[in-house]
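Working notes, beginning with the structure itself.
The values are calculated or read from the model by the stated rules, or taken from the named source; none is laboratory data. Note that the structure is predicted; figures quoted are calculated from it, not measured. Glycine also receives a Cβ, built like all others from the backbone with ideal geometry; neighbour counts cover every protein chain displayed.
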């Protein structure tokens, strides 16, 4: 267990160092998100129905944060594998006796942790600037978010598997942002079949908490069962697909090909 | 006493299908050899001979169609991650590093990826930075280091794993003479001090001659020689002669040499002959006698390792195997 923690620490530290080293890039990202949150907090008042303004803001921000987190986690893993293959470090990572799937998991955790900290800080800063406070309810939202993130990691493994074999999937990764937008922004009440998709149930439950003040007791046990089941199933399927793709890449000698 | 084999490569076969022509290419065709504890083994072969395929199969980065590889008795095919505890590698030299991280950050990151805490490896990192003369560059971003320093850092990263077997693919490629010498000396020290087993894949003959006790030469996916470097040179020295001629050879004599002696060279009245059979020397003498060519001197030829390698590669094409 301690060696897995060391793996997470090493990968989180590396991500943090790279965020520091590419400081202008990081700074522009921080400013972009700050202004987007600010625009959402202030602008939705101006363009929406004033009686629905608060609900619109909550809905837009929750959906946007989720869209960004999923996009960052899923696109990042794809780009990371392409980048590592191009620069020659991918095979070196595969030389770790811990296994590449654990290195990828530690990168997901490191990335999600760093970006969650940045987004939370920016959200608070924007709320402070706009003078409008969202109903965040961290005691319920954080546990729900953590369970939801498990399914995102599962989807990430699927993308990582594809990337290990095909490498050049930039076009797919670009289309992915629109697919994710659809999954995150469309409410389950409009498209109930999306419950089978990864993380949609979790986003929907968090929206209920933030917009309709749901508590733990307001959800049915089936909601929790679907949320947990969805996350576990996607994690297992994602890991299975990734390990299968890794085996194929090793059989065909595709690991360092780009 | 029988030596302990740390790496056992047993009859590995690997073939690929070409994407367009669907033609089957045999990259490795029944390669077998052992590497013993504390030994530096040179893996030699021309481009496309199957060296990289062999190395990647040893590391478990490539799955062979057939055959087995054992590291410390662990089957790489079946228990890859367990086997990786005993092996570390520098596969693409300086490209194995993160160029935006500093030298120390690279060492810390790769140690972390093997499950070590940052704190636990600090002493070892300091020792390696000293040993590789990189201490004053520890906080320099890798992209700012020279090629030689990057190469040394890549080897240091592999050594930090403290694994029993170290696999180096072209460790001196692109290095200047001084850095190449420095890397060789460091590798010698590592074997002497820590008893590590090293496999070096290279085209650099002086590196093999200087570092390796034994060499495995691969050509067209097959092992054409598995022998002690000194023995290989001696073997070729005893069968090679230089004749200094007083008169030039006639067309007829050259034709006779072509028909009788497979490996010979005739430049400026100097005839260099490599004997494959004991009576080849008498055959050469008969050919020279046939046109009354005067012989001023006969010497046993000095052979360097490059000549040995080239001869073996040529022989390999005719399926002659030295072992």
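Condition test on residue A:175, is it exposed (fewer than 15 other Cβ atoms within 10 Å of the Cβ) and either over 22 Å from residue A:110 (Cβ atoms) or in contact (Cβ under 8 Å) with a residue 60 or more places away in the chain (or both)?
The answer is yes for residue A:175.
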- Message: Given the criterion more than 12 Å from chain A (Cβ to nearest Cβ) and at pLDDT 90 or above, identify the matching residue among B:10, B:22, B:56.
- Response: B:10
- Please work out which one of (1) within 14 Å of chain A (Cβ to nearest Cβ); (2) more than 24 Å from residue A:20 (Cβ to Cβ); (3) surrounded by fewer than 20 Cβ atoms within 10 Å (Cβ to Cβ) is the condition residue B:123 fails and give its number. (1)
- Just a yes or no: is a residue in region A:137-146 touching a helix residue (DSSP H, G or I) at 6+ places or on another chain (Cβ under 6 Å), closer than 19 Å to residue A:71 by Cα and at pLDDT 90 or above? yes
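Can you tell me which residue among B:117, B:88 is under 22 Å from residue A:106 (Cα atoms) and under 19 Å from the mean Cα position of the chain (by Cα)?
Unique residue meeting the criteria: B:88.
When you look at residue A:144, is it more than 14 Å from chain B (Cβ to nearest Cβ) and farther than 30 Å from residue B:92 by Cβ, yes or no? So that I can check it myself, show each step before the final result.
Numbers: more than 14 Å from chain B (Cβ to nearest Cβ): yes; farther than 30 Å from residue B:92 by Cβ: yes.
So residue A:144 passes the test.
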- Task: Take residue B:107 and decide whether it is over 19 Å from the mean Cα position of the chain (by Cα), assigned to a loop (DSSP other than H, G, I, E, B) and within 13 Å of another protein chain (Cβ to nearest Cβ).
- Result: no
- Note on the structure: Inside region B:50-82, the number of residues satisfying the requirement of being within 13 Å of residue A:96 (Cβ to Cβ) and part of a helix (DSSP H, G or I) is 4
- Condition set in contact (Cβ under 8 Å) with a residue 12 or more places away in the chain and assigned to a helix (DSSP H, G or I), scope region B:237-279, selection farthest from the chain's Cα centre (by Cα): answer is B:252
- Message: Looking at residue B:61 and the list (1) away from chain A (no Cβ under 13 Å); (2) buried (at least 20 other Cβ atoms within 10 Å of the Cβ); (3) within 24 Å of the chain's Cα centre (by Cα), which single condition is not satisfied?
- Response: (1)
- Message: So for region A:102-118 (the condition being free of Cβ contacts under 8 Å to residues at least 40 places away in the same chain and more than 14 Å from chain B (Cβ to nearest Cβ)), does at least one residue qualify?
- Response: yes
- Of all residues in region A:119-157, how many are under 21 Å from residue A:36 (Cα atoms), part of a helix (DSSP H, G or I) and without any contact (Cβ under 8 Å) to a residue 60 or more places away in the chain? 4
- Note on the structure: Here the residues within region B:110-120 that are surrounded by fewer than 20 Cβ atoms within 10 Å (Cβ to Cβ) and under 17 Å from residue B:98 (Cβ atoms) are B:118
- Within region A:68-101, which residues are away from every other protein chain (no Cβ under 12 Å) and at pLDDT 90 or above? none
- Task: Please work out if residue B:27 is within 14 Å of chain A (Cβ to nearest Cβ) and within 19 Å of the chain's Cα centre (by Cα).
- Result: yes
- Message: Suppose we filter region B:280-293 for residues that are outside any helix (DSSP H, G or I) and surrounded by 14 or more Cβ atoms within 10 Å (Cβ to Cβ); how many remain?
- Response: 2
- Task: Answer with yes or no whether residue B:3 is within 11 Å of chain A (Cβ to nearest Cβ) and free of Cβ contacts under 8 Å to residues at least 60 places away in the same chain.
- Result: no
- Query: Counting only residues that are more than 7 Å from chain A (Cβ to nearest Cβ) and either assigned to a helix (DSSP H, G or I) or at positive phi (or both), how many does region B:83-104 have?
  - Reply: 6
